[in-house]
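See below for the structure under consideration.
The values are calculated or read from the model by the stated rules, or taken from the named source; none is laboratory data. Keep in mind that what you see is a predicted model, and the values were worked out from it rather than measured. Cβ: placed from backbone, ideal geometry, glycine included. Neighbour counts: every protein chain shown. Ligands, DNA and RNA are stripped out before the accessible areas are found, and what is left, the full protein with its side chains, is counted by its heavy atoms. Shrake-Rupley method; radii C 1.70, N 1.55, O 1.52, S 1.80 Å.
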Amino acid sequence: AGRPAGLSVVLVGDDPASAVYVRSKGKATRAAGMHGVEHVLPADTTQPALMTLVDRLNADPAIDGILVQLPLPRHLDEWAVVSRIDPDKDVDGLHPVNVGRLANGVPGLRPCTPLGSLLLLEGLGAPLAGQEAVVLGRSQLVGRPVAQLLVNANCTVTVAHSRTRDVAAHVGRADIVIAAVGIPGFVKADWVKPGATVIDVGINRVAGGLVGDVDPAVAEVAGALTPVPGGVGPMTIACLLRNTLEAACRREGVAFGL
């Protein structure tokens, strides 16, 4: 279509982890040859001011993807902000319209971390259909959407959470385990079925650095285990760029082939 795909990332406040993510996304956007715009707003930004910025980005023909970095400062209504983004520019896949598209199995922009996890599984080459998957965690950002993606891929899916009885027993029968609970080393080696594929979405900061939700000893039992850091994280950024390109292609009526 004669122009680069455009991504705008909005950061409100000075949360250190969010700032690191935004810098990483900006660097990847530029490396891919995309048009990247970052909006860094003070922590005391008002709801009307943030909504006005989102409206301006929705109307900007050079911007195909909009990502508002979460979490927002506590005085801001995250749900209202996410719902204000044009669903066809919602490269985080969190808008209610995109959630509905995922639930109904129709084309739409998918949440980046769940999509990255699915692509990692597909990259192993084994068919997903018929596999038994256990998702640990039911958050709107990871657990619920990744479970829906696995259902759409014809897996048999169990979602375990804080009220689940005997989590280890559920994990022990799974061919695929996706851990997204935010508890360092939560999944133990003796829980995991030999040869299972384990996707560790957790990123937990402890005294020794960053660790995942899966005990590293699981690597001795699993058929495959994603590292932390360096596993799902890079896939999340890659899928953000993928979603931006997909959004640009749809807006321009160009076939999207990834």
Evaluate the following for Leu102: is it of a type in the set (A, V, I, L, M, F, W, C), within 29 Å of Thr226 (Cα to Cα), under 18 Å from the mean Cα position of the chain (by Cα) and in a loop (DSSP other than H, G, I, E, B)? no
Report, by residue number, each residue of region 18-53 that is part of a helix (DSSP H, G or I), without any contact (Cβ under 8 Å) to a residue 60 or more places away in the chain and open to solvent by 20 Å² or more (accessible area, probe 1.4 Å). Ala19, Val20, Tyr21, Arg23, Lys27, Arg30, Ala31, Gln47, Pro48, Ala49, Met51, Thr52
Complete set of residues in region 201-228 that are in contact with a helix residue (DSSP H, G or I) (Cβ under 7 Å, 6 or more places away or on another chain), closer than 17 Å to Ala160 by Cβ and open to solvent by less than 30 Å² (accessible area, probe 1.4 Å): Val201, Val218
Determine whether region 175-191 contains at least one residue that is open to solvent by 40 Å² or more (accessible area, probe 1.4 Å) and in contact with a helix residue (DSSP H, G or I) (Cβ under 6 Å, 6 or more places away or on another chain). yes
Those residues that are under 22 Å from the mean Cα position of the chain (by Cα) and closer than 14 Å to Val10 by Cα, I need them from region 30-63; list them, please. Gly36, Val37, Glu38, His39, Val40, Val54, Leu57, Asn58, Ile63
So which residues in region 54-75 are within 20 Å of Lys25 (Cβ to Cβ) and surrounded by fewer than 20 Cβ atoms within 10 Å (Cβ to Cβ)? Arg56, Asn58, Asp60, Ala62, Leu70, Pro71, Pro73
